[in-house]
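J.: So that we are looking at the same thing, I have put the structure below in C-alpha cells.
The values are calculated or read from the model by the stated rules, or taken from the named source; none is laboratory data. Keep in mind the model is a prediction, meaning the values are calculated, not measured. FYI the Cβ positions are ideal-geometry reconstructions off the backbone, even for glycines, and counts take in every protein chain you see. Each accessible area value is taken on the protein alone, full model and side chains, heavy atoms only, with ligands, DNA and RNA left out. Shrake-Rupley method; radii C 1.70, N 1.55, O 1.52, S 1.80 Å.
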Amino acid sequence: MTDIAIVEHPQSGYVVRSTPATIACKALNALNIRFKCNSKWLDADRNRVEHGSAEDGQPYLRAEVEITRQEVEAVAGLGDFDCRCYAYAKSIDEAVRSGVANVRVAYIRKQFHMMPTFERVPEGHTVQLTCTPPDADPKADVIWMKNGAEIKPNDDPNLIIANDGNLIISAPRLSDSGHYHCEARNIANKRVTEDVEITVYVDGEWSPWSSFSGSCNIDCALLNSQYDMVRGDEIAVDRSTPKQRRTRTCNNPAPLNGGANCKGLDEDYRTCEHECVVSGSWSRWAHWSECNSQCQRTRKRECIAPPPSNGGSYCPGTDFETVNCTEGSSIPLHCAYPGQHYLSDNIVLPVTKSSSPIANADESGNQFFLLFLSFGFIGILILLILGLLFILFCRKKKGKSGKFFGDEHVRTVLLTPEQKALLDIGYDPKFQTQSPAQFLTLSNGGTTANSSTLNHSYTIRSAKSYNSGYSINRKGNGSRAQLIGDYSSGSASGASTKTAMIRSGSRSSADENYATLYDYVGVEHCTPPSLRTCMEEFSGSEHDQSATIVAAQVDSDSSRIELKRSGVSLVISENTFPEDRMIFLSISADVNERPILAEGESGLSSVITFGLCETEPDTIFTKPVIIMFDHCASVFPKDNWQFVLYADWGLGLGWEIATVLGEENLNTPVYLHMERERCRVMSENFGRFFLAGRPKRPNVAAQKRVRFAAYVSPPEANHFVAGSFGIRVYCVPEVGMAVENVRKQEETVNGVLLAQAENFLMREQGSLCICLEDIAPGFTLHSGSQYLEIANSQHQWCSQNGLHCALSIESTGNVSVADLTGRMVIYQKGNSNDRQVLEFDLRKPEQTLGVNSTYRSEEKLVSTSFQLNAETKRKLVALFGPPARDPDHDWRGLARKLGFDRFVEYFGTRLGCKKPAALILDLWEAGVFGSERALLDLLQTLRVMGRPDAVQVLDDYLSRPQYDMALNV
C-alpha cells in the first residue's frame, strides 16, 4: 500500500465578526480525514470532503471544516485555539498528523492610543502628526488621508509615513495646509480619527528700507516763522521741523495663513540738516515732584522747543526750580516745625501768632493760662491719636483676609428708586456724567441716578446678620424659605410659585438663620424666587439696573456660581475654605465704580466683585479661585491690545494694577488668561476686578467688539394710525452685562427688537454712521433721521457703557404699522474692516437679545457638577505632581498643552502649593463647563504628551456607563 502524505496543512486564520474561519487539509492515499481542535475531535459530519487524483495519478482526499466564533470564545483565556488534521486509511491509530493551525477572533478597538492634533507650523519646519492605532488582531495598517484623498508617500517625497504610523512632513509648504486624518484598517473593521487642520504659515519680514524722500531745501525765514507760532510746545515744534521719510513694507515675505506681522515701525524719519540760525525756547515745565527729604519740591524743563542751532541764542533763565514744602496751607507732616498742628493725611496747619500787645503786668497770668491751655490741647491730641490708632487697628484686623464691609443690606438691592434715594444721602449730582441730549450715554445701566448696588463698599450682609429680622424662632415655612421669599421679587409682588425644599447632606446645618441657594428647587417654574432675585434685572421703577448679585453658601466641595446672562462665573475648588462660608458674586455696570485709568487706557469689562458676607469670620484661602467674565476687546484675527487688570483688595488703598499681561513676575498676585470673548482670573484674595487695555502699537488701531440693537415700540400693529414713532438704536460693549441691561430696559417699555449686529469692530477714532434705507411705502423719515453721524467725542469708544440714539419715522396712516420694513447700514468712518447691513421687518422681529444671541429666562446659578470627579482629579494630580527631567511630561507640559504656559511659574509658587497640576486643572475646568468634548480632548492631550498612566486613569473614568454612548459614536 502506498504511504499516506499530507500535502496541504491547515493554515491559521481569523473569525471575522460572524463569519467562521475555514481550515483545510489535503492528503494523498488517505481514505479519511479528521480534525482535532484543543484536544477535542470535531464531528466528521462537519467536514466538506473532496476526492480527486493528483497529477501523478495518486488519489487524494481534501477536507474543510468551519470554526465558529462561539467555539473560539469558549476557550478564551485558556490559550490559543489550536487545530490539526489527521489523515488515515482504515485505523486512526495509523493516522498521519498535520502541523498546528491557530484560529483567533479578529478585532480592532475603537480608541486610538494617539491621534493627530491641530498644528500651526511655520513654513519649512518639520512637523510630525502622531497616529498610534488601536489594539487590533491582526495588526492594523495605518493609512493617512489629506482632504479626503489617500496620501501616497511615493508620489511626494516630502511626506513620510514612519514605521510607527506617524506622518512626517519634512519641509512643510503652504500647499501642505489642509485637513488630515489617519485610518487604522484590518480584516475586522476600520477606525478613523477626526479631521485636524494643519496650517502652514509664513511670518512677515520687512523689505529693505527705501531711500529717504522729501526735500531739505529750507527757507530760514519761513522756518523761524513756523517756530515762532509754536514755541514752547515741543510736540508742535517737532512736527514743524523739516524731516525726510523712508518706508519699508512687510512683504519680504508677507504674512500668510495667520503668520505674525513684522515687528517694529514701517516708517522712519530723520531731521534735515540746515544752516538756519534758530534761537532756543524752553519746553513746558514738568510737574512738581513729591516733597523730598529736604522738604523741597523740584521741577525741570529743557531748551528743546526748539533747540538753539547754528549760533542761535540759548534759552534765557534756569531749567530747574525749587520751592519749599513749608510754604502754603498744606504742609507734609515730616516738614512740620513746632507751632504747627496736624490736620489729616499728613498735612499740618501753621499757627498764626496774635499781634495784639499784652501789658507787662498781666504777662505772667497770661503765660499760666496759656500753659494750662497747652496741656489741655496736648491731652485732647493724645486722645485723638489713640482713637485714630484704634480705628486703624480695627480696619487692619478686618482687612487681613480681604473681607469687604459696608452699610447696605442685601435687601437694599431690591429697594425702589424712591426708597433708595432716601438712603443715598451722600449722592452728589456734580459727579453725574453729562452727555449731549441727542446721544444718551448709558453710564449706569439706564438709570439716571447714581444708584450703584454696591456703592464703594462691597460687603453684603448675609441672612445671618443680627438685624435681618429673621431668627430660628420665626414661624412660617421655615426661616430659610422666609428669608428667600423676602429677598425675592416674586414674593414682593404677590406672585405664587410653588417651591420644593430639599436638603443636601453636605449643606445641612444646625443654624437655620440663613438661606442657601442649594436648598431650593422650583417645581412649577423651575426657578425659585431667590434665584430669580439674584439674576433678574432690577430695572425700571422697581429695581436698580446697574448691578446683579448672587450669594451662596459653599463648603468643602467644588462649587460653581454663575450669572450666565451677565457673563460672569466663579469656580471654587474643593477645600478652598476650611469651613462653610457665605460668599457673594456681583457684577456692576456703574462707571463710577471703575478705577481711574491711565492715559491711553480704555475699559473692557464690567466691575466684578467677589467677597464674604459681612457676618462671616475671617477666612484664609488654601488655594486660588477662578473668576471668569466677558470682555469686549477684539483679539482676532489681529490683537493689538496690551491688557491691564485692576484690582481693589478691600484694604482701603483703592484700585491698583494687579498685573499687566506679559509683564508678570513672582510677586504678581493673580493669573490672567485671555480668550477671544472672555478672560479667566485666578486670585488668592477677595476683591473687585476690572479689565482695561491700551494699544500695543501706536500706528495700529486697537478695536472693540460692540453690539448694535434696534428697538421700536409701535402702536397697535394692525391699526392704521397716522403718527410718529422712533427706532431706538443702542451701541453697547459686547459683554453680557451691557447687553442684558439693554434688554431689560426695553422690556419695561414693551420694545420690539427689530435687528441686531453682533461683534461689530469699532475703533477709537472715527465717527459712527447710521443710515436708514429702503423704508416701506407709507412711511417717511423725519428730517435728520435718514443719516446720523456720531462723532468721537460723543460715542467715546463705548467707554461709558454704550450709546443710545433715536431715529424718528412718520406713518401716513394708509398702511399698517406692522408693515414697516427697511434696512439699516452701520459703519465707522476710516474703518473699512466692518460694515453691517441690518434688514428689518416688523412682522418678523428678532427673537432674543443676549450674549451669543441666546437668552434663557431660567438658569442654574449654583452647581457642583464638573467634568472630573474628585477621585479622578486626585489621581491625575498625583501623576503630574513630581517634576520630571523632561518638562514636557510633567505639570509644566500639561500647562503648555492646555494653553496656560504664558506665566507657568504662577502654578508652582502659589500659597506654598505643592500640587501645581491641581491649579491647572481648576483653570481648565472653569473654561470647559458644559462642553461635551472637553474630556475627550483632554484624553487626546494626555496621549500627545506621552503619558499612558494618565491616559489610563481618564480612560477608566470615561468608561463609566454614562459615556458609553459618546464612545460608540
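J.: When both residues are 6+ apart or on different chains and their Cβ atoms are under 8 Å apart, which pairs have a first residue that lies in the range 912-937 and is β-branched (Val, Ile, Thr), and a second that is in a helix (DSSP H, G or I)?
T.: Once the first residue is β-branched (Val, Ile, Thr) and sits in the range 912-937, its partners that are in a helix (DSSP H, G or I) give ILE920/TRP891; ILE920/LEU894; ILE920/ALA895; ILE920/PHE907; VAL928/ALA934.
J.: So ALA647 ticks every box in (1) without any contact (Cβ under 8 Å) to a residue 40 or more places away in the chain; (2) surrounded by 19 or more Cβ atoms within 10 Å (Cβ to Cβ); (3) of a type in the set (A, V, I, L, M, F, W, C) but one. Which box is left unticked?
T.: Exception for ALA647: condition (1).
J.: Continuing with the same structure: Please work out which residue is surrounded by the most Cβ atoms within 10 Å (Cβ to Cβ), limiting yourself to the range 650-678 and to residues that are hydroxyl-bearing (Ser, Thr, Tyr) and more than 23 Å from VAL591 (Cβ to Cβ).
T.: TYR671
J.: Considering the range 604-633 alone, what residues qualify as being at pLDDT below 90 and hydroxyl-bearing (Ser, Thr, Tyr)?
T.: THR615, THR619, THR622
J.: Of the residues ALA95, ALA89, ALA101, only one is among the small types (Gly, Ala, Ser), touching a residue at least 60 places away in the same chain (Cβ under 8 Å) and either touching a Leu at 6+ places or on another chain (Cβ under 9 Å) or within 30 Å of VAL200 (Cα to Cα) (or both); which?
T.: Result of the check over ALA95, ALA89, ALA101: ALA89.
J.: Restricting attention to the range 252-289, report how many residues are more than 17 Å from ASN699 (Cβ to Cβ) and free of Cβ contacts under 8 Å to residues at least 60 places away in the same chain.
T.: 23
Let's see how each residue does on (1) open to solvent by 30 Å² or more (accessible area, probe 1.4 Å); (2) farther than 27 Å from VAL951 by Cα; (3) touching a strand residue (DSSP E or B) at 6+ places or on another chain (Cβ under 9 Å):
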{"residue": "ARG104", "(1), (2), (3)": "yes, yes, yes"}
{"residue": "ARG120", "(1), (2), (3)": "yes, no, yes"}
{"residue": "LYS146", "(1), (2), (3)": "yes, yes, yes"}
{"residue": "ALA149", "(1), (2), (3)": "yes, yes, no"}
{"residue": "ASN154", "(1), (2), (3)": "yes, yes, no"}
{"residue": "ASP164", "(1), (2), (3)": "yes, no, yes"}
{"residue": "ILE169", "(1), (2), (3)": "no, no, yes"}
{"residue": "VAL200", "(1), (2), (3)": "no, yes, yes"}
{"residue": "ASP203", "(1), (2), (3)": "yes, yes, yes"}
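J.: Residues being open to solvent by less than 50 Å² (accessible area, probe 1.4 Å) and under 60 Å from the mean Cα position of the chain (by Cα): count how many of those fall in the range 9-66.
T.: 5
J.: Also: Does the range 719-734 include one or more residues that are surrounded by fewer than 15 Cβ atoms within 10 Å (Cβ to Cβ), part of a strand (DSSP E or B) and touching a residue at least 24 places away in the same chain (Cβ under 8 Å)?
T.: yes
J.: Can you pull out the residues in the range 925-946 that are among the basic types (Lys, Arg) and either open to solvent by 30 Å² or more (accessible area, probe 1.4 Å) or at pLDDT below 85 (or both)?
T.: Once the filter is applied, which keeps residues that are among the basic types (Lys, Arg) and either open to solvent by 30 Å² or more (accessible area, probe 1.4 Å) or at pLDDT below 85 (or both), the range 925-946 yields only ARG933.
Results for (1) assigned to a loop (DSSP other than H, G, I, E, B); (2) within 17 Å of ILE235 (Cα to Cα), shown as yes or no for each residue.
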position: GLY264; (1), (2): yes, no
position: CYS276; (1), (2): yes, no
position: TRP285; (1), (2): yes, yes
position: TRP288; (1), (2): yes, no
position: ASN292; (1), (2): yes, no
position: THR298; (1), (2): no, no
position: CYS315; (1), (2): yes, no
position: GLU321; (1), (2): no, no
position: THR326; (1), (2): yes, no
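J.: Further, regarding this structure: For the range 884-924, enumerate the residues that are of a type in the set (D, E, K, R) and open to solvent by 70 Å² or more (accessible area, probe 1.4 Å).
T.: Scanning the range 884-924 gives ARG885, ASP888, ARG896, LYS897, ASP901, ARG902, GLU905, LYS914, LYS915.
J.: Are any residues in the range 105-132 closer than 30 Å to GLU66 by Cα and out of contact with any helix residue (DSSP H, G or I) (no Cβ under 7 Å at 6 or more places or on another chain), and if so, which ones?
T.: If the condition is that a residue be closer than 30 Å to GLU66 by Cα and out of contact with any helix residue (DSSP H, G or I) (no Cβ under 7 Å at 6 or more places or on another chain), then ALA106, TYR107, ILE108, ARG109 are the ones that fit.
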